[in-house]
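The next block holds one structure in the form of structure tokens; read it before the comments.
The values are calculated or read from the model by the stated rules, or taken from the named source; none is laboratory data. What you see is a predicted model, and the numbers here were worked out from it, not measured in a lab. Here the Cβ is made from the backbone with ideal geometry for all residues, glycine too, and neighbour counts use every protein chain on show.
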Amino acid sequence: MVTNQDLLALLPFILLGAGALTMMLSEVFLTSGRRAYQSGLAVLVAVAAAAAAVVAPERSLFAGQAVSDGFSSFVTVVACGGLALSVLVGRGWLERRGIERGEYYALALFATSGMVLLGMASDLLVAFIAIEVMSLAVYALAAYPRRGQRPAEAAFKYFIIGSFASAAFLYGASLVYGATGTTLFSGIARGGGGGLLTAGLALVLVGLAFKVAAVPFHAWTPDVYEGAPTPVTAFMAAGVKAAAFAILVRGFLAMVSGTGVVGGAQIGGALGILAILSMVVGNLFALPQRNVKRMLAYSSIAHAGYLLVGVVSAGTREGRQAGISAVLIYLAAYAATVVGAFAVVAALERTAASPDVDPAKAWDIARFAGLAKSRPALALAMAVFMLSLAGVPPTAGFVAKLSIFRAAVAAQQYGLAVIGVLTSVLGAYYYLRVVVAMYMQPAEAGEESETAPVTVSVAVALAVVAVVALGIGPESIAGLARAAAQRL
């Protein structure tokens, strides 16, 4: 029986779903071409869901298949924050191209509801349902413009590869159930060992590795990030990654905290290998990129590696609390930074830059040359985001990476910490290359300058404030992350 406390715990999920349905119904009866209220309503729903998550009671739901706690609340706030910022970016971007419709915001709200449920899941079947709710909406968003070859191609690649990943996850869950008789994380941890269970967990890990864009399951990322509409790319980079890491952390900790044969040695070793590959490959492949969207895509792969370092650290007794809180801090810092970076990219896109324009010109680093003179505020914002992604103080990215490396040292994962530091130095090159282009290179002749939509400027400003505030005063979010880690 569902109680009032259960409904209160599920209120963020309910609000997002109800907001999506309202958006779809309002679009059916809309006769006017004016849709400015839709983005405002979507932002309002995101803020309300985040506020509901803050006051949500801690309790088990659906007979232990989901749980509302400080950890899920933190993930919900991050996902809703990424949604609100990406909606602001999408408002101006869509309006300029004449394709703003309620379906866009409805899909974004549905996707975020899946992210919220994924952050609460403590059962493989609930996790699968949440992944599908999130993924199907994001697949549709990637192809939302419905014009041009590249969005359709990006969505098709994402859908096909994502379907294989979902199939691997579901088949792995069936093997786990066959080996243990349960799909609850707590039950799996007490289920002993065996080849069937090992194979099942390996397939589940493959499905999750695809969602976090970890090497070698990363091949879809550059093409999808480039081909999808820029606001959708921002939403994917922030929200999908946060939700996927939430379920990875919760499931992994249940495994290593159990009394069965399945322990941290096997799973942690596999995650450690994925972390090293992601950090090295992501940074190396980002180095030669001139297309800024592809560069940020490979950067996302590298950041998945740093987050995996935190997950591995959380799997040890010495680094458990530090690892969990470091992952949460990193997710919040990365969400604000990456949405801001893609917002600047969206602001620089010409209205004429339709999906059919040559990507080598649409998002080439030359578009940023001389930006400090033509649009100094935008150049300053992009510089802040690039410095944060590089981990330069006093930005949120510095605090996030420092937290990850501290957790690795506390967990005695010295090799991962050293590789993380070295690859961070490598990554600073391609981030600072954008800053050099903006401040030290002249603009190309004939480059026109369009004023950024107001909502995009607001999103950029909010992201800058978040990145700087988290960098200067990290104790506020660090305290919240530690409290969430203790609850988990």
Seminar exercise, completed: Filter the stretch 215-246 for residues that are in a loop (DSSP other than H, G, I, E, B) and within 30 Å of A485 (Cα to Cα); the one that is nearest to the chain's Cα centre (by Cα) is H218
Exercise. Within the stretch 49-57, is there a residue that is surrounded by 24 or more Cβ atoms within 10 Å (Cβ to Cβ), in contact (Cβ under 8 Å) with a residue 12 or more places away in the chain and not in a helix (DSSP H, G or I)?
Worked result: no
Seminar exercise, completed: The residue from V468, V458 that alone is at pLDDT 85 or above and either more than 22 Å from P231 (Cβ to Cβ) or touching a Lys or Arg at 6+ places or on another chain (Cβ under 6 Å) (or both) is V468
Exercise. Of all residues in the stretch 127-152, how many are of a type in the set (V, I, T) and either over 18 Å from K241 (Cα atoms) or within 15 Å of the chain's Cα centre (by Cα) (or both)?
Worked result: 2
Seminar exercise, completed: Flagged in the stretch 414-443 as among the polar types (S, T, N, Q) and at pLDDT below 90, in numbering order, are Q441
Exercise. Residues A437, A452: which one is part of a loop (DSSP other than H, G, I, E, B), surrounded by 15 or more Cβ atoms within 10 Å (Cβ to Cβ) and touching a residue at least 24 places away in the same chain (Cβ under 8 Å)?
Worked result: A452
Exercise. Within the stretch 176-184, can one find any residue that is assigned to a loop (DSSP other than H, G, I, E, B), free of Cβ contacts under 8 Å to residues at least 24 places away in the same chain, over 27 Å from L331 (Cα atoms) and out of contact with any Pro (no Cβ under 7 Å at 6 or more places or on another chain)?
Worked result: yes
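Residues checked against (1) more than 28 Å from S73 (Cα to Cα); (2) out of contact with any strand residue (DSSP E or B) (no Cβ under 9 Å at 6 or more places or on another chain); (3) at pLDDT 85 or above; (4) buried (at least 19 other Cβ atoms within 10 Å of the Cβ):
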residue: A243; (1), (2), (3), (4): no, yes, yes, yes
residue: M255; (1), (2), (3), (4): no, yes, no, yes
residue: T259; (1), (2), (3), (4): no, yes, no, no
residue: K293; (1), (2), (3), (4): yes, yes, yes, yes
Problem set entry | Those residues of the stretch 67-76 which are crowded, with 24+ Cβ neighbours inside 10 Å and either of a type in the set (A, V, I, L, M) or within 28 Å of E100 (Cα to Cα) (or both), in sequence order | V75, T76
For this session: May I ask you to verify whether V87 is of a type outside the set (F, W, Y) and closer than 19 Å to T337 by Cα?
Result: yes
Exercise. Here are G90, G64, G40: which of them is not β-branched (V, I, T) and not in a helix (DSSP H, G or I)?
Worked result: G64
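Yes or no, residue by residue, for (1) outside any helix (DSSP H, G or I); (2) in contact with a strand residue (DSSP E or B) (Cβ under 7 Å, 6 or more places away or on another chain); (3) farther than 16 Å from G310 by Cα; (4) free of Cβ contacts under 8 Å to residues at least 40 places away in the same chain:
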{"site": "P393", "(1), (2), (3), (4)": "yes, no, yes, no"}
{"site": "Q412", "(1), (2), (3), (4)": "yes, no, no, no"}
{"site": "G420", "(1), (2), (3), (4)": "no, no, no, no"}
{"site": "V425", "(1), (2), (3), (4)": "no, no, yes, yes"}
Exercise. Taking the stretch 373-422 as the search range and keeping residues that are in contact with a Ser or Thr (Cβ under 7 Å, 6 or more places away or on another chain) and of a type in the set (V, I, T), which one is farthest from A333 (Cα to Cα)?
Worked result: V384
Exercise. Can you name every residue in the stretch 308-328 that is in a helix (DSSP H, G or I) and more than 16 Å from the chain's Cα centre (by Cα)?
Worked result: V309, V312, S313, A314, R320, Q321, A322, G323, I324, S325
Problem set entry | Residue that is surrounded by the fewest Cβ atoms within 10 Å (Cβ to Cβ) [pool: residues in the stretch 156-182 that are over 17 Å from A219 (Cα atoms) and touching a Ser or Thr at 6+ places or on another chain (Cβ under 7 Å)] | Y177
Problem set entry | Unmet criterion (only one of (1) closer than 23 Å to L328 by Cα; (2) out of contact with any helix residue (DSSP H, G or I) (no Cβ under 6 Å at 6 or more places or on another chain); (3) among the hydrophobic types (A, V, I, L, M, F, W, C)) for L41 | (1)
Exercise. Just wondering, is there one or more residues in the stretch 59-71 that are within 22 Å of T455 (Cα to Cα) and within 23 Å of the chain's Cα centre (by Cα)?
Worked result: no
Exercise. Within the group F128, F110, F159, which residue is of a type outside the set (A, V, I, L, M) and closer than 14 Å to P12 by Cβ?
Worked result: F110
For this session: Mind telling me which of the residues A152, A121 ends up being surrounded by fewer than 17 Cβ atoms within 10 Å (Cβ to Cβ) and in contact with a helix residue (DSSP H, G or I) (Cβ under 9 Å, 6 or more places away or on another chain)?
Result: A152
Exercise. Is there any pair linking a residue in the stretch 282-293 that is over 12 Å from S424 (Cα atoms) to one that is of a type in the set (D, E, K, R) and crowded, with 19+ Cβ neighbours inside 10 Å, with Cβ under 7 Å and at least six apart or on different chains, and which?
Worked result: N291/E226; K293/E226
For this session: Specify the residue that is surrounded by the fewest Cβ atoms within 10 Å (Cβ to Cβ); the eligible residues are those in the stretch 183-197 that are more than 21 Å from V67 (Cβ to Cβ) and modelled with pLDDT of 85 or more.
Result: L196
